[in-house]
Structure formats: C-alpha cells, structure tokens
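**Student:** Below is one structure. I have some questions about it.
No lab work stands behind these numbers, since they all come straight from the coordinates. These numbers were taken from a predicted model, which means no experiment stands behind them. Note that each Cβ is placed from the backbone with ideal geometry, even for glycine, and that neighbours are counted across all protein chains shown.
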Amino acid sequence: MTVSPARAKHTLITGVIGSDTHIVGNRILSMALEDAGYQVVALGALTPAEDFIKAAIETAADAIMVSSLYGQGELDCRGFRDLCVEAGLPDILLYVGGNLVVGKQDWEDVERRFLEMGFDRAFPPGTRTGDVIERLDREFAARADGPAR
Ligand code: B12
C-alpha cells in the first residue's frame, strides 16, 4: 500500500463498540490505516457509542470506524447515527465491520440492516485492510468533489 499525502488530512476514529473485547482485528485495521497515512485515533475495546462521538468532535474527525465481533453489533449500533446527528455531526462518514451479528446470516440482509441504521458502509467478516483503505480513498475523493455520495 503506497502512502498518499492526501490521507494525512483525514482523521479517523477507530474502536470496538459496547462490551466487546475483541481487539485484534481493530488494532490491525488501525495500524494499517496509520501506515497508509491516515491520522488515527484508536479508542480500543469496550468503547461506548458516546465516546466515539466525543472523540470525533474533539479531533474534528472525518470518519468513525466501528468494530463489533461478539454478535451484539446490532444492539450496540442502534441509534448511532442519531447520536451523531444530535451531536452536530450529521454527515460524518460511518463505517462498521467485523462479525456484526449472531451466527452466520445472509450478508446482504445484514448489510441492509446496518445501512438502514445510518451507516454509510458495512463490511463483512474477513474484510482485508487494503480494501478498506481503497474504499476510504474513493469516499473522501468523492466527498471533495461534491455533496453526492
Ligand atoms: C480471539 C477471539 C476471542 C478472544 C478475544 C481476545 C481479544 N482481546 O481480542 C477471547 C477469548 C477473549 C474471546 C471472547 C469471546 N468471544 Co471470541 N473470538 C475470537 C476469534 C477466535 C478470533 C477473533 C480475531 O481476533 N480475529 C482476527 C482478526 C484479524 O479478524 P477480525 O477481528 O475479523 O478483524 C478483521 C476484519 O473483520 C476487519 N474489521 C474488523 N473491524 C472492522 C471495522 C471496520 C469499520 C472495518 C471496515 C473492518 C473491520 O478488519 C480486521 C483486519 O482484517 C473469533 C473467531 C474468528 N475466527 O473470527 C471468536 C468470535 C469472534 N468470538 C465469539 C464469541 C461468541 C465470544 C464470546 C461472547 C464467548 C463467550 N461466550 O464468552 C466472548 C466475548 C467476550 C467479550 N465481551 O468480548 C464469536 C462471535 C459470534 C458471533 N458474532 O455470532 C466468534 C466469531 C467465535 C464463534 N465462531 O462463535 N474471543
């Protein structure tokens, strides 16, 4: 992955939401984002939704990247976009990834539910960090070009 100077302008908040202690993938993701040139504020495991938003406000972040592995992602993430809106961050980019629901469920259905909750993208188990970085690059480039997403 090449380091692009444009990425240094963007701050990303990462963390594992709720009572979830699965930190490994989130740490790998955070390091990969940092190595690619993004500014990363890594909140770690066991992070309440409100703390992601507080950190995003304090650092004027461009995106929040939520991890959830233990199966309770749907409960923990419900209302996340509403909290962002209430905090004055209606358009902040919201990604969620990991092992989002209990057991194996049809991915298209899982993805639809998270998009309906207000996440801009949901990523399935096994997502590669390179794919996330490519997606972020495209998203930020599109946002710089105009309001349409
Ligand atoms: C290691 C592990 C543990 C360790 C965690 C150690 C630690 N502190 O991290 C311990 C033993 C503590 C543990 C505990 C539990 N675990 Co566990 N654990 C695992 C295991 C084996 C590996 C997870 C891992 O590290 N993967 C490696 C990393 C690199 O991959 P990753 O996390 O998926 O992350 C990658 C991508 O998903 C992506 N990604 C991750 N986050 C995000 C976010 C965004 C925005 C994006 C874009 C991408 C992205 O990028 C990462 C890098 O490529 C998985 C099974 C598995 N094979 O996945 C079960 C698993 C996650 N655990 C599970 C469960 C149920 C539990 C417990 C509830 C068990 C229990 N009854 O106590 C507890 C939960 C405790 C808690 N409160 O969190 C289940 C979850 C089931 C579900 N979702 O339906 C799994 C899937 C096992 C299973 N098949 O049942 N676990």
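**Student:** On C-alpha positions alone, give me the angle between the axis of helix 24-35 and the longest principal axis of the chain, in degrees, nearest 10.
**Tutor:** Relative to the chain, helix 24-35 is tipped by roughly 10 degrees.
**Student:** Near the amide H of Val66, under 5 Å away, which other amide H atoms are found, from residues 5 or more places off or on another chain, if H is placed in the peptide plane?
**Tutor:** Tyr95, Val96, Gly97
**Student:** Name the residue farthest towards the positive end of the dipole of the chain from the options Val102, Ala63, Cys77, assuming +1 on Cβ of Lys and Arg, -1 on Cβ of Asp and Glu, about the Cα centre.
**Tutor:** Final value for the positive-end residue is Ala63.
**Student:** Okay, moving on. Which is farthest toward the positive dipole end of the chain among Ile53, Leu89, His22, measuring Cα position about the Cα centre, with Cβ charges +1 (Lys, Arg) and -1 (Asp, Glu)?
**Tutor:** Farthest along the dipole direction, towards plus: His22.
**Student:** While we're on this one: Give, rounded to the nearest 20 debye, the magnitude of the charge dipole that region 9-145 has about its Cα centre when Lys and Arg contribute +1 at Cβ and Asp and Glu contribute -1 at Cβ. Don't skip to the end; give the middle numbers.
**Tutor:** On the way: 13 positive and 23 negative charges, 42 e Å.
Computed about the Cα centre, the dipole is about 200 debye.
**Student:** Using Cα-Cα distances under 8 Å and only pairs 6 or more residues apart, what relative contact order does region 63-149 have, in percent? Could the numbers behind the result be given before it?
**Tutor:** Details: 101 pairs, mean separation 25.6, N = 87.
This gives 29 percent for region 63-149.
**Student:** If you don't mind, there's one more thing I want to ask. Let me have the relative contact order for the chain, percent, based on Cα pairs under 8 Å that are six or more residues apart. Kindly include the intermediate steps, with their values, before the conclusion.
**Tutor:** Numbers: 254 pairs, mean separation 32.5, N = 149.
Here the relative contact order equals 22 percent.
**Student:** What percent antiparallel are the DSSP beta bridges of the chain, to the nearest 5? Please report the intermediate quantities before stating the final value.
**Tutor:** Values: 0 of 19 bridges.
About 0 percent, rounded to the nearest 5.
**Student:** By how many degrees, 0 to 90 and rounded to 10, does the Cα axis of helix 49-58 deviate from the longest principal axis of the chain?
**Tutor:** In the chain, helix 49-58 runs at an angle near 10 degrees to the longest axis.
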